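Any read-out appearing in this document is the output of simple, stated calculations on the displayed coordinates, not a laboratory observation. Since this is a predicted model, take the numbers as computed values, not measurements. Note that we place each Cβ from the backbone using ideal geometry, even for glycine, and neighbour counts take in every protein chain shown.
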Amino acid sequence: MTDTHLNDIIRVEVNTLTVRIGDYTLSLKIEGPEFKPTSRLQLMGGQTLFDLVLEAARVFVGDNWGMEFTSADLYHIARERHPDLDIRRNSWNSHVMSSAPNHPSYKHYTSHRDHFRYHGGGKYTLKAI
């Protein structure tokens, strides 16, 4: 066995894995419907995640403005209405909390809305907007 000093390089770019050992290079393309490069959520025409949160609340409540809902209730509606979007659960919950000025965590967010009233125990109601 000889003692050789190999210059090993492993590189990953979007959907390609490249391994270089000495003079040899192996490149593998990663394909498949489940592969999605990591990126920010892309919404149509200037929409924000706050717009989707408010839309889901209006759909959930309908004509019953006093109806209570949870962040999970709204998340499921948004996923049904927008199956093509990769809506992250934690981001969703943060946007719901930062839409309720009386929520204890509201002060921790830089973007605020005044869409909901927080009732404790994860329950919200939609304010008349």
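Whole-Hz Karplus values for segment 63-69 come out as 8, 9, 5, x, 5, 7, 8 Hz, taken residue by residue from phi with 6.51 cos²θ - 1.76 cosθ + 1.60 and θ = phi - 60°; glycine and proline positions read x.
Note that segment 99-105 has calculated 3J(HN,Hα) couplings of 9, 10, x, 8, 6, x, 8 Hz, one per residue in order, obtained from phi through the Karplus relation 6.51 cos²θ - 1.76 cosθ + 1.60 (θ = phi - 60°); glycine and proline are x.
Panel order for Met67, Met97, by other beta carbons found within 10 Å of each beta carbon, from fewest to most: Met67, Met97. A cut-off of 5 Å between modelled amide H atoms, ignoring neighbours fewer than 5 places along the same chain, links Lys127 with Phe116, Arg117.
Just need the relative contact order of segment 49-126 here, percent rounded to a whole number, with Cα pairs under 8 Å and 6+ apart. It rounds to 34 percent for segment 49-126.
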